[in-house]
Each structure stands twice: as C-alpha cells, then as structure tokens.
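Participant: Once you've had a glance at the structure underneath, I'll fire off some questions.
The values are calculated or read from the model by the stated rules, or taken from the named source; none is laboratory data. Here the structure is a predicted model, which is why all the values come from computation and not from measurement. Reconstructed Cβ throughout: ideal geometry from the backbone, glycine too, with neighbour counts over all protein chains shown.
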Amino acid sequence: MTVIRLARRPDVWTVLKWVVAIAVAVIAIFPLWWMVNVVFSLPGEPVSINPRLWPTSVAAGIDKIAMIFAETEYFRAYVVSLIYSILTIFGVLAVSSLAAFEFSLFDFPGKKITIAIVMLSLMVPTAVTIIPTYLLTSELGWLNTMQGLVVPGIASAFGLFMLMQFMRAIPRDMIEAARLDGAGHFEIYWHIALPLSRNAMVTLAILTFMRTWGNYMWPLIVGTRPEMYTVGQVVGLFNAPLSHQTVDVVMTANLLAAVPPLLFFLIFQRKIVEGIAMSGTKG
Amino acid sequence: MSFLEISSATKSYGRHKVLEDVNLTIERGEFVVFVGPSGCGKSTLLRMITGLETITSGTISIEGAVMNDVDPAKRGTAMVFQSYALYPHMTVFENISFGLRMARKPKEYIASQVAQGAGILQLEKLLERRPGQLSGGQKQRVAIGRAIVRDPRVFLFDEPLSNLDAELRVQMRAELMDLHRRLGTTMIYVTHDQVEAMTLADKMVVMNGGRVQQAGRPLTLYDDPDNRFVAGFVGSPKMNFLPARVVGSDMGRILLEGIGGSARLSLPFAGELAVGTSVEIGLRPEHVSLRPLLPTESSEALVGEGKVAYVEDLGAESHVHLTLTDGTAVCLRAARGEASPGTTVRFFASPERALLFDAGGLRLRNRSARTK
Ligand SMILES: Nc1ncnc2c1ncn2[C@@H]1O[C@H](COP(=O)(O)OP(=O)(O)OP(=O)(O)O)[C@@H](O)[C@H]1O
Ligand SMILES: [Mg+2]
C-alpha cells in the first residue's frame, strides 16, 4: 500500500491544492509571526529593518513583557477577562441547555411563538440591541460591575438554537423511560438530556470562549473604570493613536492578548473545527 | 373485583377519537396480549395503563385503586419499549439501577436487586458495558432487567421483539414465557405477530379501529370468534369468507345458496334468519378439503368447484388457492402434490365447521349449540 502510494506521482490538482493551502496558511500566520519578531527584538530595531524573518533578541522581548506587567494593569485585565469568559460560558451553558431542554422535548402553550421570537433575535445585529441593553444595565446599576459585563451575554439565541437541534435527536422513548423510572423533570434534564448533549455543550463552551475573549464593544461600553478593563480594552489603549507607545511595546500588548486564545486553539483544535462544522456558523 | 380493570375508557386527541369504550378485565398473573392492525390503538392503551397518556374518559384501576391521576412512576407498572430506550451514556448496571437510584434506595438494596435481576436474565458479565456494545438480544434483556428490578405489579411490553431477527425472536419468546412462569407477574404485551400472540397469551385481546373486538383465550378466539374481523385476523392463512344467500329455513336447519357462485349448503342453525338475507360463511383453510368427506365426517357436505390459481408448497403441507366462479378466493390446506395450478377441482367442507356472519360482520351464532 505505502509502496504504491510512494510510487504514484501526485497529479496537478493535488499539487495545486497544496499550493493554495500553503499560501493561505502563510498569509494567515505571517502577521502573527511578524508580531513575534517585533516583540523579540532590541528597541529601535523594529522600524529600521522591515520586514524581518527571525526574532533577534529573546531577552529584549522578555524585558518588554515584564515591563508591561509591571507598569500597566495588564495582569488585572487578564483576570477580569478570564472571569468574564468563564462566567459567561457557565451562564450560556446553563441557560441555553435548560431552555433547549424545554423547547425541544416538551410541548407547552405559546411554545411556537416563543421560539419564533428567540430566533428573530438571532437575526438582529448586536449593534441594534446594544443601546437598549446598555440602558437596561445602567438602570439596574450594573455599570462597571462583573454582572453588568456577564449577564447580558448569557442569553444566547445561538446557543439555544444549537442545543435545541441536538436535543431534538434524543428519542422520546428515552425520556418516557426515565419518567417511568421515577425521574422528575429536573432529573431527566440532569441525568439524561445533559449527558447526551455533552459534545454540543463542549462545542458551545469553546465558541462562547472565543466570542467572549474577543468581545471588545460591550466591555468598552459597560466597563468604563480602569479596574473593570478587559484585555481587549487594555490593548485598545495601547493601540490608540495618542498612546505615545513605540510599535514594539504595542505589539507586546497585542501578543499577550493573543496568547490565551492561541493556546486554547491548540488544545481544542479538533473540537473547534467539529463545532464550527456542526453549528454551520462561526460563533 | 379483577386485578386490573379498564372500564369505558376512551382516548381522543382533540376531535380525533383513538380509543372508544374500552372495557377489559385482567386477572393477577395473566399474560395478556393485545393484537390488531397498525394504528388500532394498542400502544395508546398500553401507554394509558402506564400513565404516559392521559385517559380522556372512563377509568383504569389496579387492585381496586383508580389510576387515572396517579403519577406514572407510582403505578407499579414497568414498560419495555420497542426501541429498548436504554440510556446510551450509562453502563448496563447504571441503566438497570436508574429507577432505584431515582427512588433513593440504599446502595446495598440496589446492588442486590441488580444482581438478582442480572442473574435471572444472564446479564452478570455485561454489567460494565454500555448499550452500544451489546447485541439486540442483550439490549432487550437489559430493557427487561430495568423493568424487573423495580418489582412492578404489571409488566408492559410494546412490541419488544420486533427489532430482532427471526431466530432470536423465537428464543426471546421462550425466555419471556419462562420469565412469566418464574415471576408470576401480570404481563401485558403488544404484538403484530400472530404466532407470538397465540403462543404467549393466556388472554388475547383483538383490537380494531379503537375498539376491543374480542378478548379471550387464543383458541377460543380461533374457534369461536365474535365477528368477521376477529375471525379473519386470528389464524394464518386467513379464514375464507364465502358470500351466500338464505333461501329457506326449516326444523333447525337453514338452506344457503349461491355460495361462491352456485354451491348450496344446508346447515344446522337454530335462530331467526329471514329468507333472502345475505350472509357470509367462514371456513378455515384446514376445514376445506380436496377429497370427499367420509359419511361419518359429515352427512351433507358443502361441495364447490374452483380453479387452482396457485399453490404454495411449504414442505409439510401445501396451501392451495382457488378462485371460484364468482371470483371469491378460497385457500385450503392440502397434502403436497394434491393439486396443480390451472386445473379445476372440487372442494368439500363440513357444515359443522362453517361459521356464519351477517352483512354487518357480526357472528350469527347457532343458539342451540352455543359454547358459552
Ligand atoms: N399524539 C398523537 N396525536 C394524534 N394522534 C395520535 C397521537 N398518537 C397516536 N395517535 C393516533 O392514534 C392511533 C393509535 O395509535 P397507536 O400508536 O396506539 O397504534 P398501534 O395500534 O400501537 O399501532 P402500531 O401497531 O403501528 O404500533 C393512530 O391512528 C395514531 O395516528
Ligand atoms: Mg404501537
């Protein structure tokens, strides 16, 4: 088998496919790589040699990272972002799965119209709802609080939709068998529906993380005090035209922001691809 | 008072009536089989007994207590589904013990119940497996195990063997019979399969169009059906129905004419039947013969003529299908080689074996010779 494969000359299409794939990969990776190069170089060098292909000074890069952690609230922003993401993930999972459980497995009056309304909200762009949401949050006195950051993001029409599709596939017999086995409503959810939707839940968690970590607009609006800054906002400050920072320091801040999602991606690569394929849309 | 009583139970979905006026009594320890064509309401009735469907009107009671509003889990019924409905993410042990765990039974009790149930069903070696790693027959046993450990008052089975291949069905059927003998628990069983119904049932309940057509011992239903539907549904090959006309009645006998075209028959019948009434004669294939009856068998046999349409040779016997002059089809059991397709043959039947049905399909019983 291997022998045959080695002996076979790749045809034109295979070669072409590889060329395209590699070109796309290079285009996607180069900015990241360039960022790494700029960070790990001596100050002053960045602007003079452009573009460069290899990092020149690891020590200088580490110095810059240390400087950012020491002189800015970057670490605090990390913590805020992390808590924000984790709370949002748990919130989205809990709310979406509970709602999906009811919508997909049971009948109740007003079900159709409720689903229609939720699905409608999926079509409305965030920009439209952001002002009313802001007003409501401020009314509740939640500006500059963690709940103000997290709670509006918990109601995820997308998550509901995705889990509903999944839970619809649970056979009615199985739910009825559990009912005859004496499981209450919540126990059916907890012992049957949840474990059976594990894959979808993992996917939803991943997509939610990627969306929350990269969310710039909402934290910017709701968390105006420095102690509520997320990583995104801090990077935004560095990027601002009047920040008086040199390119390499700005790049360091950007790199630090990109590290968690990158690590996350490397760990969950397969799940993410599966998830995107499964949901048919990007988070 | 019977163990389980269903009285004037009905079920409708909106305006669509699915079950109408169902009355049925079931004794403790009986093996009851519901049969009937697809869509006649067998599953619905079963689900009403176990509480998965509400009862629109009427009552269902078990051991004297009305069950209409009792929670499904508290009725003391256990159901085995056609799809098995095992929980795929749990091991066999977890599947079987799920109900006990939900009831917060002590660990030792659960362990001993599962061990006992697994012993009865020979599942000891499979307890750590998941349903995905089991064969169809094993899954079926797990599903039964899940029912057994709860010590139900009534077992309900909805076509439990229909997903199994023929050989396994026969084996599981024997196992079920054995299980019923050992546990002595009341069992209600839904099936499409004639043979399953005949062999398993203490009481067979034939349903059609949302009504119970007849309930009784399988052989009683076979020999003494209440109506044309039951007569035609029970038994394979099916009973033959020959249209006829009453032309006279005299001294406890009636004379029928125009049977399958031209044949005549005089048969004992004590009852009122006006001359000119259209009736149907029901004859089981084994009661129709290709050779003349001996005088001891019958004094005045029904003699007819038909063309052999085709012959099914089954080895031990043949099913000969005749077409009579008026187009009526008649099937009879014969020995191998007794008839060949295309020929015209004469057939004989004893009037004592003939059943009579009126135009509406109701059985016309010979009152003098009633069995009940
Ligand atoms: N939820 C429902 N809504 C409306 N009609 C229903 C519903 N469930 C069942 N029916 C109808 O009730 C009738 C009886 O259904 P049921 O499942 O009891 O039949 P069955 O005898 O078990 O048939 P089968 O042998 O095919 O399993 C059918 O005509 C079916 O269409
Ligand atoms: Mg059914």
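Participant: Among what's in the range B:48-60 and is crowded, with 20+ Cβ neighbours inside 10 Å, under 14 Å from residue B:22 (Cβ atoms) and within 14 Å of another protein chain (Cβ to nearest Cβ), pick the residue that is nearest to ligand 1 (Cβ to nearest atom). Don't jump to the end; show me each part of the working.
Facilitator: Initially, the range B:48-60 is screened for residues crowded, with 20+ Cβ neighbours inside 10 Å, giving B:48-52, B:55, B:60.
Now narrow it down to the ones that are under 14 Å from residue B:22 (Cβ atoms): B:48-49, B:55, B:60.
Imposing the further condition that a residue be within 14 Å of another protein chain (Cβ to nearest Cβ) reduces the set to B:48-49.
Details: B:48: 9, B:49: 12 Å.
In this case the residue turns out to be B:48.
Participant: Tell me, yes or no, whether the range B:3-17 has at least one residue that is surrounded by fewer than 19 Cβ atoms within 10 Å (Cβ to Cβ), within 16 Å of ligand 1 (Cβ to nearest atom), β-branched (Val, Ile, Thr) and under 30 Å from residue B:231 (Cα atoms).
Facilitator: Yes, some residue in the range B:3-17 is surrounded by fewer than 19 Cβ atoms within 10 Å (Cβ to Cβ), within 16 Å of ligand 1 (Cβ to nearest atom), β-branched (Val, Ile, Thr) and under 30 Å from residue B:231 (Cα atoms).
Participant: Filter the range B:135-190 down to the residues that are in contact with a strand residue (DSSP E or B) (Cβ under 9 Å, 6 or more places away or on another chain), within 16 Å of ligand 1 (Cβ to nearest atom) and farther than 14 Å from residue B:86 by Cα and list them by number.
Facilitator: Answer for the range B:135-190, where residues must be in contact with a strand residue (DSSP E or B) (Cβ under 9 Å, 6 or more places away or on another chain), within 16 Å of ligand 1 (Cβ to nearest atom) and farther than 14 Å from residue B:86 by Cα: B:156, B:157, B:158, B:159, B:188, B:189, B:190.
Participant: Restricting the range B:73-83 to residues that are more than 16 Å from ligand 1 (Cβ to nearest atom) and farther than 18 Å from residue B:22 by Cβ, which is nearest to the other protein chains (Cβ to nearest Cβ)?
Facilitator: So in the range B:73-83, the residues more than 16 Å from ligand 1 (Cβ to nearest atom) come out as B:73-78.
Among the residues that remain, those that are also farther than 18 Å from residue B:22 by Cβ are: B:73-74, B:76, B:78.
Numbers: B:73: 4, B:74: 8, B:76: 11, B:78: 7 Å.
Within the range B:73-83, the match that is nearest to the other protein chains (Cβ to nearest Cβ) is B:73.
Participant: Scan the range B:12-21 and give yes if some residue there is within 23 Å of the chain's Cα centre (by Cα), over 30 Å from residue A:196 (Cα atoms), away from chain A (no Cβ under 14 Å) and not in a strand (DSSP E or B), otherwise no.
Facilitator: no
Participant: Next up: Using beta carbons and a limit of 7 Å, which pairs, at least six apart or on different chains, have the first residue in the range B:34-45 and within 14 Å of chain A (Cβ to nearest Cβ) and the second one within 8 Å of ligand 2 (Cβ to nearest atom) and of a type in the set (D, E, K, R)?
Facilitator: Final answer for the pair search is B:43/B:158.
Participant: Out of B:194, B:213, report the one residue that is within 16 Å of ligand 1 (Cβ to nearest atom), of a type in the set (S, T, N, Q), crowded, with 18+ Cβ neighbours inside 10 Å and at negative phi.
Facilitator: Every option except B:213 fails the conditions.
Participant: Here's a follow-up. Pairs, please: C-beta under 6 Å, at least 6 apart or cross-chain, first residue more than 15 Å from residue A:235 (Cα to Cα) and in the range A:62-84, second assigned to a helix (DSSP H, G or I)?
Facilitator: Pairs that qualify, where the first residue is more than 15 Å from residue A:235 (Cα to Cα) and the partner is assigned to a helix (DSSP H, G or I), are A:84/A:149.
Participant: Any residue at all in the range B:73-95 that is assigned to a loop (DSSP other than H, G, I, E, B), modelled with pLDDT under 95 and over 21 Å from residue B:147 (Cα atoms)?
Facilitator: no
Participant: Could you list, ordered by first residue, the pairs with Cβ atoms under 7 Å in which the first is in the range B:157-182 and in contact (Cβ under 8 Å) with a residue 40 or more places away in the chain and the second is within 16 Å of ligand 2 (Cβ to nearest atom) and part of a helix (DSSP H, G or I), at least 6 apart or interchain?
Facilitator: Qualifying pairs under 7 Å: B:158/B:43; B:158/B:46.
Participant: For the range A:184-283, which helices (runs of 4 or more DSSP H) that fit wholly inside it have 1 or more residues that are over 23 Å from residue A:145 (Cα atoms)?
Facilitator: A:185-188, A:198-213, A:231-239, A:247-279
Participant: With B:127, B:134 as the choices, which residue is out of contact with any Lys or Arg (no Cβ under 7 Å at 6 or more places or on another chain), more than 14 Å from chain A (Cβ to nearest Cβ) and in contact (Cβ under 8 Å) with a residue 40 or more places away in the chain?
Facilitator: Only one candidate qualifies: B:134.
Participant: All but one of (1) exposed (fewer than 15 other Cβ atoms within 10 Å of the Cβ); (2) in a strand (DSSP E or B) hold for residue B:265; which doesn't?
Facilitator: Status for residue B:265: all satisfied but (1).
Participant: For the range B:99-107, state whether one or more residues are at the interface with another protein chain (Cβ under 7 Å from one of its Cβ atoms) and farther than 25 Å from residue B:159 by Cβ.
Facilitator: The answer is yes; a qualifying residue exists.
Participant: Would you point out which residue out of A:203, A:230, A:224, A:246 is of a type in the set (S, T, N, Q) and in contact with a Lys or Arg (Cβ under 8 Å, 6 or more places away or on another chain)?
Facilitator: Of the residues listed, the single one that is of a type in the set (S, T, N, Q) and in contact with a Lys or Arg (Cβ under 8 Å, 6 or more places away or on another chain) is A:203.
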